[in-house]
Amino acid sequence: MVQARKAVLGFTERLRQLKAQEETKSKPTTSDENTGLDIQNKAIKESTDELRVKTQSRENEDVDSQNAAMEPPDDANAEEAAHEITKQALPSNMARPVLLARAKEEGVAHFPVGHKEIHLPDVKVILLRTPELHPRFAKFEVPLTFTKLDLRDFLWHGYQVRALNVRSWVFQRPVQLLRPGLDKKLGIQGDHNKWGRKQALKYMIIEMDEPFIWPEMPEDMTLFDKEHADDRMVQPKWTDDGKVDWVRGSNAIQGLKEKREDLAEQAQKLLSGRARRNPNLARQIPLLKYSEYTHLHRKLDQTALD
C-alpha cells in the first residue's frame, strides 16, 4: 500500500508537469521549438501511461493479498499459518492470548524468566481466604519489598500458577499509642507516650488462567487441634493487656481476668432474669471533690508500692 501511495503521488506530480507544459504551448513559438515540444510531450505521455499501468497492477496485487489473508487456510497448512502468525509483530491485545496458548502447550513460563536462582527463599507469602472474590482471583499478603514480578515468578516456580495480572497496594496502620517493649522495630522501647504507626501491610491480587475454589470449612475441628491453637492465640492477648495495665500503675493480669469473668457472670444473670438492674445505683454513690479524689489516688498508689 505504501508503494501504491508513492506511485499515485508521482502520477500527480507528472500531471502538474503536463499542465505546465500546456500553459507553455499557448505562447507563440517557432517551428523548431514546436518540434521539440511535441517530442517532449510524447515522451511525457508514454511515461504517464506506463506509470498508470504499474499503479493499477500494484493495487490489484494488494487487493489479492488482502483477500488471501482473509480466507481461512487449509487444514494441511493451518499449523504452519498459525506459526507464521505468532512470528509477526501483533498488537499486545492479540499477541498475549497467542503467546499464553503456546506457553501452555510447551509447559513453560508465559513471561521472560530471570537467570538468578534463589534456593529456599525466606519470604512469607500468605494466601488469604476471600470468598467475595471471583474464583479466578486470589489475594496474598506479601512483604513490603515484594514486587509484582517477584510474586509472579514465585508462584510459577513454586506452585506452577500463572499470574496473568497483578494488582498491589499498601495498607497503612492507624495512628495509635505505642506500647513499651512491643515495638522494638521502631526503636521506641520504653517510651509509652509515643504515638505512631506500626509497620504497614502490603497486599496483592492476581488473576489466574484457571479458577480456584476454596474448600468448605470442616465441621469437626478436633483433627486440627483447634482448642490448643486457640489457647496459644489467647495467651499473647493476656500478656499484652497485662503490659498495658502495668503502664497505668497495676500489674494484675489475673485480676483483669477475674474482673472479666465477673462481668460475664453478671451479664448472664441479667439476661436470664435472675437479677434486675438498679438504675438508681449510680445516684447513691457520693461524688468526691477534686482534692478528695487526689488524696485517695495518692493513698492507693502508696498502698500499691508498699
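Taken together, the values in this text are just the output of simple stated rules run on the coordinates, not laboratory data. Everything numeric here is computed off the predicted structure, so don't read it as measured data. Every residue, glycine as well, gets a Cβ built from its backbone with ideal geometry; the counts of neighbours run over all protein chains shown.
Exposure proxy for 194, 19: other Cβ atoms within 10 Å of each Cβ, ordered fewest to most, give 19, 194. Between residue 51 and residue 132, the contour length at 0.36 nm per residue exceeds the alpha carbon distance by 22.4 nm.
Sorted fewest first by neighbouring Cβ atoms within 10 angstrom, 203, 159 come out as 159, 203. Amide H to amide H distances under 5 Å link residue 202 with 142, 171, where only residues 5 or more positions off or on other chains count and H is placed in the peptide plane. In this structure, the pairs whose alpha-carbon distance is over 26 Å, taken from 104/148; 104/202; 116/202; 198/226; 124/194; 104/124, are 104/202; 198/226; 124/194; 104/124.
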